[in-house]
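The block underneath contains the structure these notes are about, expressed in structure tokens.
The values are calculated or read from the model by the stated rules, or taken from the named source; none is laboratory data. Given the structure is predicted, the values throughout are model-derived calculations rather than measurements. Note that each Cβ is placed from the backbone with ideal geometry, even for glycine, and that neighbours are counted across all protein chains shown.
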Amino acid sequence: MSLAQHAGKFDPDLGRLLERVAGLAPRIRRELPVRRDPATTRNVYGEQQLELDVWMNDRFVDALRASKLVAQVASEEMGQVKEVGRGRFAVVLDPLDGSSNVKSNNIFGTIFGVFDRTQLPARGSELFAAGYMIYGPATTFVYATSTGVHEFVQGG
């Protein structure tokens, strides 16, 4: 069963959204070798970003906008909430959690939370779904809803 089908049993729109997020993994993995250098920018916490931080943030924002399912996105890499459409979801994410591990070729991932019909900022108790992707020898996509925690693995 695909990720979209599995999550779609809980909520069809969520299934489509998670499939779009997970669909970025192959492209991210291809870019790893060429986007490991520092960027000229800093995130909202004053930390120097990597090229990969900025690139991944842009890819996630673009994918969420293109889904037409998302109204707002907030990210560690952006200074404020970004309005991206009129969809029912708001998404918060850290597109590259563990960026200090990139140069040494250690594990890192993407962390996200999905709110349904909720404006950002929002309380964690209002989460509709949450999850993460780990980029390693195999890419692991894990998401959780009120029905439980579910894992999907993409090949290397």
### Task
For Ala63, indicate whether it is small (Gly, Ala, Ser) and either in a strand (DSSP E or B) or farther than 19 Å from Asp97 by Cβ (or both).
no
### Residue count, the stretch 66-92 (criterion: basic (Lys, Arg) and either within 23 Å of Glu51 (Cα to Cα) or in a strand (DSSP E or B) (or both))
1
### Query
Among the residues of the stretch 27-79 satisfying the criterion of being without any contact (Cβ under 8 Å) to a residue 40 or more places away in the chain and among the hydroxyl-bearing types (Ser, Thr, Tyr), which is surrounded by the fewest Cβ atoms within 10 Å (Cβ to Cβ)?
Tyr45
### Query
If you scan the stretch 30-60, which residues turn out to be part of a helix (DSSP H, G or I) and more than 27 Å from Gly87 (Cβ to Cβ)?
Arg30, Leu32, Pro33, Val34, Glu51
### Which numbered condition Val21 fails, given (1) surrounded by 12 or more Cβ atoms within 10 Å (Cβ to Cβ); (2) free of Cβ contacts under 8 Å to residues at least 40 places away in the same chain; (3) of a type in the set (Val, Ile, Thr)
(2)
### Query
From the list Ser99, Ser146, Ser104, which one is under 23 Å from Asp11 (Cα atoms) and not hydrophobic (A, V, I, L, M, F, W, C)?
Ser146
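Based on this model, can you work out whether Leu93 counts as crowded, with 20+ Cβ neighbours inside 10 Å, under 14 Å from the mean Cα position of the chain (by Cα), at pLDDT 95 or above and within 17 Å of Phe152 (Cβ to Cβ)? Quick ask: steps written out before the conclusion?
Details: crowded, with 20+ Cβ neighbours inside 10 Å: yes; under 14 Å from the mean Cα position of the chain (by Cα): yes; at pLDDT 95 or above: yes; within 17 Å of Phe152 (Cβ to Cβ): no.
No: the conditions fail for Leu93.
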